[in-house]
Every structure is written in C-alpha cells, then in structure tokens.
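Structure, as structure tokens:
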Amino acid sequence: MLGTILLEAGGGMATQQIVVMVLIIVVFYFFMIRPQMKKQKDQKKYVEELKKGDRIVTTAGIHGRIVDLNETTFLVEVDNGRIRFDKAAISLDASKALNAPAKEKEAKA
C-alpha cells in the first residue's frame, strides 16, 4: 500500500525498492536481532544473580551446585569432585528448568 502511494506520486521504481528494503530490515530486526539481544540480556542478568548453593547446568550438560563464585568463574561441585567453569558456560534455559520444580515446591509450602 505504501509502495503504491509512493509509486503514484512519481517516485518510480527506485522509491519502491527502497521502501521494500526498509521493510525487510525492520522485519529482520524485530524477528531476529531484537529477540537475540533480549536473550543475551536475560543470560547476563541470570549469571549476575547466581549465588552459592544454586543448582546449575552448564552448556556442556554438567549438572552441579555452585560452591564458590569469583568475578569471572565459578566452582561447581559434582558427584566426583569440583570443577571450575567460566560464567559464560552456564545454560540459562537448562538451569531454569532444573530449578523450576524446587521453586514450585517452596511456593506450595
């Protein structure tokens, strides 16, 4: 519709192509870039809120409990010992899923 209006106004084919390109960029931003930025922001916030005793899952699939936190790393206790990981190795989705049942039990109590 907007392209048709501009075409009738004498803008020609170049104006219509510019409008189509702008619309493609806007759609690309709202469906791909913006959700990814939101996910990264949520991941950063989640990592900053972690504390000792929280149960986590790493991106490698290792399940454990946080024993110690540093500025950029954390120490995770697993069945056979302790392993140090970078904070970027935490899987937000898997960790939230792991901790969700525990929070629901606390809410009922």
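The values are calculated or read from the model by the stated rules, or taken from the named source; none is laboratory data. Everything numeric here is computed off the predicted structure, so don't read it as measured data. When we count neighbours, we look across all protein chains shown, and the Cβ atoms used for this are built from the backbone with ideal geometry, even at glycine. The area values use the complete protein model at the heavy-atom level, side chains included, leaving out ligands, DNA and RNA. Shrake-Rupley method; radii C 1.70, N 1.55, O 1.52, S 1.80 Å.
A compact table of results
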| quantity | calculated |
| --- | --- |
| Residue in segment 80-88 that is more than 21 Å from residue 36 (Cα to Cα) and at pLDDT below 90 present | yes |
| Residue 24 being part of a helix (DSSP H, G or I), at pLDDT 85 or above and among the β-branched types (Val, Ile, Thr) | yes |
| Residue among 69, 7 that alone is of a type in the set (A, V, I, L, M, F, W, C) and modelled with pLDDT of 90 or more | 69 |
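For (1) open to solvent by 40 Å² or more (accessible area, probe 1.4 Å); (2) in contact with a Ser or Thr (Cβ under 6 Å, 6 or more places away or on another chain); (3) of a type in the set (Val, Ile, Thr), each residue gets a yes or a no:
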residue	(1), (2), (3)
21	yes, no, no
31	yes, no, no
34	yes, no, no
39	yes, no, no
44	yes, no, no
71	yes, no, no
84	yes, yes, no
89	no, yes, no
97	yes, no, no
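Listed here are the residues, each with its yes/no results for (1) closer than 18 Å to residue 87 by Cα; (2) of a type in the set (A, V, I, L, M); (3) in contact with a helix residue (DSSP H, G or I) (Cβ under 7 Å, 6 or more places away or on another chain).
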| site | (1), (2), (3) |
| --- | --- |
| 19 | no, yes, yes |
| 41 | yes, no, no |
| 51 | yes, no, no |
| 55 | yes, no, yes |
